[in-house]
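Enquirer: Below is a structure I'd like to ask you about.
The values are calculated or read from the model by the stated rules, or taken from the named source; none is laboratory data. Predicted, not measured: the structure shown is a model, and the values here were computed from it. Every residue, glycine among them, receives a Cβ derived from its backbone with ideal geometry; neighbour counts consider all protein chains shown. Just the protein is used for accessible areas: all its heavy atoms, side chains included, with ligands, DNA and RNA removed. Shrake-Rupley method; radii C 1.70, N 1.55, O 1.52, S 1.80 Å.
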Amino acid sequence: MNTSQTSLPTAAPAASPTLSALAPAQGPVSGGSTVTLTGTNLTGTTAVSFGSTPATSFTVVSATQITATTPAEAAGPVQVTVTTSGGTSNTLTYTYVAAPTLTTLAPAQGPVSGGSTVTLTGTNLTGTTAVSFGSTPATSFTVVSATQITATTPAEAAGPVQVTVTTPGGTSGGLTYFFLNPPTLAALAPALGPGGTVTLTGANLTNATAVSFGGSAAVSFTVVSATQITATAPTGSGTVQVTVTTPGGTSNALPFTYVPSPTLTGLTPVQGPASGGGTVTLTGTNLTNTTAVKFGTTLASFTVVSATQITATAPAEAAGPVQVTVTTPGGTSGGLSYYSVNAPTLTALAPTQGPVSGGSTVTLTGTNLTGTTAVSFGSTPATSFTVVSATQITATAPAEAAGPVQVTVTTPGGTSGGLTYFFLNPPTLATLAPALGPGGTVTLTGANLTNATAVTFGTTLASFTVVSATQITATAPTGSGTVQVTVTTPGGTSNALPFTYVPSPTLTGLTPVQGPASGGATVTLTGTNLTNTTAVTFGTTLASFTVVSATRITAITPPGSAGPVQVTVTTPGGTSNALTYTQIQPPGI
């Protein structure tokens with residue numbers, strides 16, 4: 001009897017689980033955080049592990065999601081896995097983060113209005129997610145490093161709060177930060193004066209860091225209590241606003257008025273005649289209610305124009321400086337120097353003459369010339385002048401008509417007597433005689449040649465003699481070519497006339513060097529500078545000639561005695577060297 005067996009179907013193996021995400025991917029080393037694991041084939045999960053440590057608990061939400069509670073672990077990354085009957089999943093990294101700590105705050109106090117920057121120092125601050133001042137989040141914060149955060153304080157009520165930092169590792173312990181009400185001022189005593197000690201009363205003045213009078217810090221201050229400060233006012237003027245600054249902010253302002261001493265900053269003019277009577281303008285500050293103006297120890301009459309200006313009449317004083325001061329109910333000013341000046345005198349001018357075109361520098365010598373305000377040539381001011389010392393001035397003469405004028409100097413001490421200065425017309429040249437030659441004596445004719453100081457041929461000075469206002473004889477210096485001749489006098493420099501240097505001729509050859517004593521032979525002379533030849537001489541006898549070029553002449557020999565003769569050439573440049581020409585008697589028959 002056959003028996004048959006029926007086979008039961010075999011169950012398919014379970015699919016392996018996979019993990020694709022963790023949220024969050026980090027948490028505190030103390031554990032207890034809920035982490036959502038996302039993946040596939042998560043149904044039937046039997047274990048969730050964080051490294052080698054099982055999750056404290058887990059719940060399979062669906063085939064694609066599990067929620068697990070992290071166990072406690074050391075700081076650092078661990079691999080998270082899920083195990084089902086289908087096996088163990090791939091791993092995903094979860095990082096355990098050490099809890100943050102705070103060690104210092106700087107500063108540890110600030111205004112209730114917030115906005116202060118506070119530096120928090122501690123450990124494990126990387127990844128900070130929140131900074132709290134009490135229950136209020138910081139307005140903003142920046143993680144500088146694992147040990148430092150900068151945070152902006154929020155607005156808070158006055159008093160201490162605990163500052164904490166929260167990271168994925170947890171929340172730090174707290175450090176105390178004080179929110180402070182701003183200071184207020186109620187009174188200043190005194191509220192006006194020259195400065196010195198001022199008492200400030202108000203509220204919240206403890207821990208004051210600054211007392212300001214206007215924009216200037218008090219010289220010093222002492223916090224007496226939360227309601228009183230004594231301060232030494234800095235130097236100042238007018239009405240300024242006084243404030244107190246504490247870590248809680250800056251107070252309201254109260255006015256403090258300086259009642260200053262008068263000051264002098266300028267005198268115009270700073271000098272005047274020793275005889276007095278000059279009007280002096282004093283400028284400065286706090287001049288209202290002036291009761292006295294003094295020049296040295298002498299009282300002056302005066303008029304107060306404004307708080308910054310007084311006009312006073314200088315009293316008679318001995319020559320020299322005196323200190324001018326002003327007195328008001330606020331005190332006496334510092335002094336400014338005013339000079340009582342003796343009248344100037346002139347004793348000499350150098351030179352005493354110059355061109356009508358002006359521009360000459362004239363040195364004036366005298367006394368009491370310091371502070372000169374004007375130099376005049378007749379009624380015309382000098383073009384410019386410089387006071388060299390109390391006894392000397394250099395002035396630039398203006399343009400004036402020819403003739404004498406009186407030169408005077410004016411200073412705050414008065415105007416000097418005059419000295420005579422002559423304005424001269426410039427020289428002119430009409431002719432040179434000769435106008436060409438090797439040099440030597442040249443006669444210049446023209447006008448206004450008296451007192452000539454220089455005769456130049458080109459740029460070279462010549463020796464000369466002034467014959468009259470219309471004539472000069474000059475010895476031309478060595479030169480060449482055509483140069484311009486000028487004459488200079490105190491009246492200026494003349495127009496230029498050309499003078500042409502004619503160089504001495506030279507002979508280098510004769511062709512032929514001999515000929516009949518009866519003359520009539522043609523001789524070619526070669527040399528240099530032969531242009532403008534005026535004579536060719538055979539011995540002492542002139543020959544007819546033709547200038548061919550500057551280097552060549554042809555001459556017809558004159559009759560003469562047999563024998564050698566010296567041949568020379570003469571030009572406006574002089575007479576050449578001699579070459580020998582031999583005259584020969586014809587043979588007898």
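Enquirer: How big is region 509-589 in terms of Cα radius of gyration and Dmax, in angstroms?
Expert: Radius of gyration, then largest Cα-Cα span, for region 509-589: 12.3, 46 Å.
Enquirer: Using 0.36 nm per residue, how much length does the chain from THR69 to ALA191 gain when fully extended, once their Cα-Cα distance is taken away? Can you show the working numbers first?
Expert: Working: separation 122, 0.36 × 122 = 43.92 nm, distance 7.06 nm.
Contour length minus the Cα-Cα distance gives 36.9 nm.
Enquirer: Still on this model: THR453's amide H: which non-local residues (gap 5+, or another chain) put their own amide H closer than 5 Å, with H modeled 1.01 Å from N in plane and none for Pro or chain starts?
Expert: THR488, THR489
Enquirer: Classify region 385-535 as rounded, prolate or oblate from the Cα gyration tensor: take a ≥ b ≥ c as the square roots of its eigenvalues, call it rounded if a/c is under 1.5, otherwise prolate when a/b beats b/c and oblate if not.
Expert: On the way: a/c = 5.59, a/b = 3.77, b/c = 1.48.
Because a/c hits 1.5 or more and a/b exceeds b/c, region 385-535 counts as prolate.
Enquirer: Evaluate the distance, in nm, between pseudo-label points positioned 7 Å from the Cα of THR394 and of ALA130 along their respective Cα→Cβ axes.
Expert: Calculated label separation equals 8.7 nm.
Enquirer: Show me, for region 157-174, the HN-Hα J-couplings you get by feeding each phi into the Karplus relation (A = 6.51, B = -1.76, C = 1.60, θ = phi - 60°), rounded to Hz, glycine and proline as x.
Expert: Here the 3J(HN,Hα) series is 5, 4, x, x, 9, 9, 9, 10, 10, 10, 10, x, x, x, 10, 6, x, x Hz.
Enquirer: HN-Hα J couplings of region 389-394 from phi, Karplus 6.51/-1.76/1.60, θ = phi - 60°, integer Hz, Gly and Pro as x?
Expert: Once θ is set to phi - 60°, the couplings for region 389-394 become 7, 5, 10, 8, 9, 10 Hz.
Enquirer: Please give the Cα centre distance for region 433-507 versus region 202-223, rounded to the nearest Å.
Expert: Value for the Cα centre distance between the two parts: 89 Å.
Enquirer: Pop out the ³J(HN,Hα) list for region 213-220 in order, Karplus 6.51 cos²θ - 1.76 cosθ + 1.60 with θ = phi - 60°, rounded to Hz; leave Gly and Pro as x.
Expert: Working through the residues one at a time gives 10, x, x, 9, 5, 4, 4, 6 Hz.
Enquirer: Still on this structure, I have one more. At 0.36 nm per residue, and after removing the present C-alpha to C-alpha distance, how many nm does the segment from THR147 to THR184 gain when stretched out fully?
Expert: The span from THR147 to THR184 would gain 9.6 nm if fully extended.
Enquirer: Starting with the highest mean, order 244-250, 25-31 by the number of other Cβ atoms within 10 Å, averaged over the residues of each peptide.
Expert: Descending packing order for the listed peptides: 244-250, 25-31.
Enquirer: With contacts defined as alpha carbon pairs under 8 Å and 6 or more residues apart, what's the relative contact order of the chain in percent?
Expert: RCO, the chain: 6 percent.
Enquirer: Under the rule a/c < 1.5 gives rounded, and otherwise a/b versus b/c splits prolate from oblate, where does region 75-177 land using the Cα gyration tensor?
Expert: Cα axes put region 75-177 in the prolate bin.
Enquirer: Rounded to the nearest 0.05, what FRET efficiency do ASN495 and VAL548 have when you use their Cβ-Cβ distance and R0 = 51 Å?
Expert: 0.85
Enquirer: For the chain, I need the span (max minus min coordinate) of the C-alpha atoms along each principal axis, in Å, sorted largest to smallest.
Expert: Per principal axis, max minus min of the Cα coordinates gives 197, 118, 28 Å.
Enquirer: Per 0.36 nm of contour for each residue apart, how much would the distance between THR443 and THR171 grow if the chain were fully extended, relative to their Cα-Cα spacing? Mind dumping the intermediate values first?
Expert: Numbers: separation 272, 0.36 × 272 = 97.92 nm, distance 11.74 nm.
Result: 86.2 nm gained on full extension.
Enquirer: Here's a follow-up. Could you give the nm distance between label points at SER216 and ALA562, where each point is 7 Å from its Cα heading toward the beta carbon?
Expert: 12.5 nm
Enquirer: So for the pair VAL467, ALA430, with labels modelled 7 Å out along Cα→Cβ, what separation do we get in nm?
Expert: 1.3 nm
Enquirer: Sticking with this one: Which order, highest average first, do 222-233, 509-520 follow once you tally other Cβ atoms within 10 Å for each residue and take the mean per peptide?
Expert: Those peptides, ordered most packed to least, come out 222-233, 509-520.
Enquirer: Provide the per residue accessible area, probe 1.4 Å, for the chain, rounded to a whole number of square angstrom.
Expert: 46 Å²
Enquirer: Mark the label point 7 Å from the Cα of THR541 along Cα→Cβ and return the residues of region 551-576 whose backbone N is within less than 17 Å of it.
Expert: 555-569
Enquirer: Given H placed on each backbone N at 1.01 Å, which residues far from GLY134 in sequence or on other chains put an amide H within less than 5 Å of it?
Expert: GLN162, VAL163, THR164
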